[in-house]
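One structure is given below, encoded as structure tokens.
The values are calculated or read from the model by the stated rules, or taken from the named source; none is laboratory data. What you are looking at is a predicted structure, and each value in this text was computed from that prediction instead of being measured. Virtual Cβ from ideal backbone geometry, glycine too; neighbours counted across all protein chains shown.
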Amino acid sequence: MNEKVKNEIIKLKKEKNFLIIAHNYQIGDVQDVADFIGDSLELSKIIKDVEQKNIIFAGVRFMAETAKILAPEKNIILPVADAGCEMADMVDIQKVLKMQKKNPKAKTVAYVNTTAEVKAISDICCTSSNALLVVNSLDVEEVIFLPDKNLASYVKRNTDKKIIPYDGYCYVHNQFNILDVKRAREKYPDAKILIHPEAPEDVQLLSDEILSTGGMIKYPQKSDFFKFVIGTEDGMLYRLKKLYPEKIFYPLRENPRALCVNMKKTTLNDILLALRKESGEEIFVEENIRLKALKSIENMLEIS
Ligand code: 13P
Ligand code: SF4
């Protein structure tokens, strides 16, 4: 059944000249029909260089929005309109403005997992792979860092600047705890434990490597290790197993697995319906907001 739908999608996307891109956390079936799979920033960046005007972005809203900010001339379609990011939606603009007023000497760094409005009131964006580089590049000693308190803790441990964190978190990564790491160490003593910096600080400190999803994709290739424990959303395991069939990957938490409900909303059928223009939402960002948010993203791209 799935094969039939996959073939239909592949035929339609060619006929209609659509490009399908999927985030690393998407379900395996969706990854299988995608032209590109990657982390949030990689996907947003490639959009400018592709010839297709119509793009189906299988991910969550802030990623599709970031793509639209960078490539306003493209039609970016989010196949499931209510696929949001709980962490991005946690940020209260008024609270950020208050933090900025209270800390007038600080610059504001916004993780790409934020809405266009939050990017628009920030000085610069960052991703989990370049957060430290971004913070250290700033010509100020104080930095408001939002929204993820766990990524903020990683930056704080590695910089001399004063980090003023927003109290946000990703519920998928924040659920990992030190027992998960201890259990994995006992069960798989010869595996490397890779943890995303959205995990709590005590979990990060017990890991072997702290890596973004993009970093986790590259790591096994250069490592002599054969087994890896993956401390991030479950979709990464499908991607890693497909890329490195000769290596073994285990989830950090086996029961229940770490699933992002919003990332898992998009099915093959949603992609098919979006291709037929029967569902999905075309993303628009108000021009005034887009230009300000673009500045924050461009400031990041300049240094990374
Ligand atoms: P990346 O930026 O590494 O793709 O991660 C996005 C995300 O949602 C992490 O939870
Ligand atoms: Fe947002 Fe967390 Fe889901 Fe990533 S895994 S999209 S940060 S809720």
Return yes or no: is residue 51 surrounded by fewer than 18 Cβ atoms within 10 Å (Cβ to Cβ), without any contact (Cβ under 8 Å) to a residue 40 or more places away in the chain and not in a helix (DSSP H, G or I)?
yes
Considering only the stretch 2-21, I want to know if a residue exists there that is buried (at least 17 other Cβ atoms within 10 Å of the Cβ), within 16 Å of ligand 2 (Cβ to nearest atom) and of a type outside the set (Phe, Trp, Tyr).
yes
Has the stretch 54-65 got at least one residue that is basic (Lys, Arg), modelled with pLDDT under 95 and over 19 Å from residue 217 (Cα atoms)?
no
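Does the stretch 212-247 hold any residues that are without any contact (Cβ under 8 Å) to a residue 24 or more places away in the chain and part of a loop (DSSP other than H, G, I, E, B), and which are they?
Of everything in the stretch 212-247, those that are without any contact (Cβ under 8 Å) to a residue 24 or more places away in the chain and part of a loop (DSSP other than H, G, I, E, B) turn out to be 224, 245, 246.
Just to be sure, is residue 46 within 16 Å of ligand 1 (Cβ to nearest atom), more than 12 Å from the chain's Cα centre (by Cα), assigned to a helix (DSSP H, G or I) and surrounded by 22 or more Cβ atoms within 10 Å (Cβ to Cβ)? Let's see the steps before the verdict.
Working: within 16 Å of ligand 1 (Cβ to nearest atom): yes; more than 12 Å from the chain's Cα centre (by Cα): yes; assigned to a helix (DSSP H, G or I): yes; surrounded by 22 or more Cβ atoms within 10 Å (Cβ to Cβ): no.
No: the conditions fail for residue 46.
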Out of all the residues in the stretch 167-207, which are away from ligand 1 (no atom under 16 Å from the Cβ), touching a Phe, Trp or Tyr at 6+ places or on another chain (Cβ under 9 Å), not acidic (Asp, Glu) and not in a strand (DSSP E or B)?
184, 187, 188
Condition check for residue 119: farther than 16 Å from residue 171 by Cα, in contact (Cβ under 8 Å) with a residue 60 or more places away in the chain and charged (D, E, K, R)
yes
Mind counting the residues in the stretch 263-284 that are touching a residue at least 12 places away in the same chain (Cβ under 8 Å) and either within 16 Å of ligand 1 (Cβ to nearest atom) or farther than 11 Å from residue 58 by Cβ (or both)?
14
So, residue 131, is that one within 17 Å of residue 161 (Cβ to Cβ), within 16 Å of ligand 1 (Cβ to nearest atom), touching a residue at least 24 places away in the same chain (Cβ under 8 Å) and aliphatic (A, V, I, L, M) or not?
yes
Filter the stretch 54-85 for residues that are of a type in the set (D, E, K, R) and not in a loop (DSSP other than H, G, I, E, B); which is farthest from residue 286 (Cα to Cα)?
61
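Results for (1) within 16 Å of ligand 2 (Cβ to nearest atom); (2) buried (at least 23 other Cβ atoms within 10 Å of the Cβ), shown as yes or no for each residue.
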position	(1), (2)
78	yes, yes
83	yes, yes
122	no, yes
138	no, no
